[in-house]
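Visitor: Before anything else, here's the structure in question.
The values are calculated or read from the model by the stated rules, or taken from the named source; none is laboratory data. Every value quoted in this text rests on a predicted model; they were computed, and no experiment measured them. Cβ placement follows ideal geometry from the backbone for every residue including glycine, while neighbour counts extend to all protein chains displayed. Calculation scope for accessible area: heavy atoms of the full protein, side chains included, ligands and nucleic acids excluded. Shrake-Rupley method; radii C 1.70, N 1.55, O 1.52, S 1.80 Å.
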Amino acid sequence: MTVERPITIYRLLRTIRDRSAKEVASELLVASTYISAIERQTRTPSVRFDRAFAKLMGVPEELIRSFIISENDTFATALWRLTQKMYQLGCLE
């Protein structure tokens, strides 16, 4: 039996930008285990982390705070909705 990982804005953005947790951690000067814990929702990221993560991903900080993932969303559905939102905001070409 596999346990589904929670769907988070952080994992979605990493997927869209094709970045590994290790790459993101290295650029943000945090441990990859911290990225993993945020994505598993066992740690809450700081405002400073959100700011740096948004900058790295090329999205407005507000997107990280405001994007809502429904409990009915699959990873693919949430990914599609986020991609559309990023396109509308001019974050994707």
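Visitor: Just from its helices, what would the mean residue ellipticity at 222 nm be for the chain, if runs of 4 or more DSSP H residues each count -39500 (n - 2.57) and the sum is divided by every residue, rounded to the nearest 500 deg cm²/dmol?
Guide: Theoretical 222 nm ellipticity from helices: -17000 deg cm²/dmol.
Visitor: Note down the accessible area of LEU89, probe 1.4 Å, to the nearest 10 Å².
Guide: 80 Å²
Visitor: Another question, if that's okay. Taking R0 as 22 Å, what FRET efficiency do you get between LEU56 and ALA76 from their Cβ-Cβ distance, rounded to the nearest 0.05?
Guide: 0.40
Visitor: Still on this structure, please answer the following. Sort VAL30, VAL59 by accessible area with a 1.4 Å probe, largest first.
Guide: VAL30, VAL59
Visitor: Enter the accessible area of LEU29 (Å², nearest 10), with the probe set to 1.4 Å and all protein chains included.
Guide: Looks like 150 Å² after rounding.
Visitor: Another question, then. Quick one: order ILE35, ILE68, ILE7 from most to least accessible surface, probe 1.4 Å.
Guide: ILE68, ILE7, ILE35
Visitor: Sticking with the crude label model, points 7 Å out along Cα→Cβ, report the distance from GLU23 to GLU93 in nm, one decimal please.
Guide: Each label point lies 7 Å from its Cα, and together they span 1.7 nm.
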